[in-house]
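Step one of this worksheet: look at the structure below.
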Amino acid sequence: MAVTQSRDNRTFIAGIDLSAAQFKFVTLESDGQVDLANGAGENCIGVLLNNPTAASAATVAMTGKVMVKAGGTIAAGAAVATDANGDAVAATTGNIIMGYATEAGVDDQIIAIELIQGGNAAA
């Protein structure tokens with residue numbers, strides 16, 4: 001059962017409409033706003049906790065146990081990265097590891113991960 005615990009949240013401005021992106025990975029752009037992660041394995045600032053429209057407040061979890069939307073099958077304990085849709089997937093070679101799954105999940109399921117910052121590329 002996905003739950004959230006001891007997380008560190010920040011508020012940013014949504015650079016695009018993120019109303020359908022709750023529990024997905026987001027990136028911090030050069031304008032200081034957050035956008036939906038759109039590159040498989042890219043480095044993300046965190047996980048979006050609300051569903052803001054463009055130019056609205058976006059609440060982003062930066063660390064801690066958070067809920068994310070799975071973009072495929074993920075085993076408990078697996079290193080997690082983003083796919084090109086901002087969903088969590090099992091990290092593959094070269095992906096930036098964004099956290100570790102604390103439970104197993106399948107495509108479109110909301111699961112819990114331990115979100116980390118400054119993840120290394122998966123080997």
Please verify whether segment 101-117 includes one or more residues that are under 14 Å from the mean Cα position of the chain (by Cα), acidic (D, E), in a strand (DSSP E or B) and farther than 21 Å from F12 by Cβ. yes
Give the residue that is modelled with the lowest pLDDT, with candidates limited to residues of segment 1-34 that are in contact with a Leu (Cβ under 8 Å, 6 or more places away or on another chain) and not in a loop (DSSP other than H, G, I, E, B). R7
For segment 37-51, check the following and say yes or no: at least one residue is over 16 Å from I111 (Cα atoms), outside any loop (DSSP other than H, G, I, E, B) and more than 8 Å from the chain's Cα centre (by Cα). no
So in segment 76-87, with the set limited to residues that are in a loop (DSSP other than H, G, I, E, B) and in contact with a strand residue (DSSP E or B) (Cβ under 7 Å, 6 or more places away or on another chain), which one is surrounded by the most Cβ atoms within 10 Å (Cβ to Cβ)? G86
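The values are calculated or read from the model by the stated rules, or taken from the named source; none is laboratory data. Remember, predicted model here, so these are calculated numbers, not experimental data. Cβ coordinates were reconstructed from backbone atoms using ideal geometry, including for glycine residues, and neighbour counts include every protein chain displayed.
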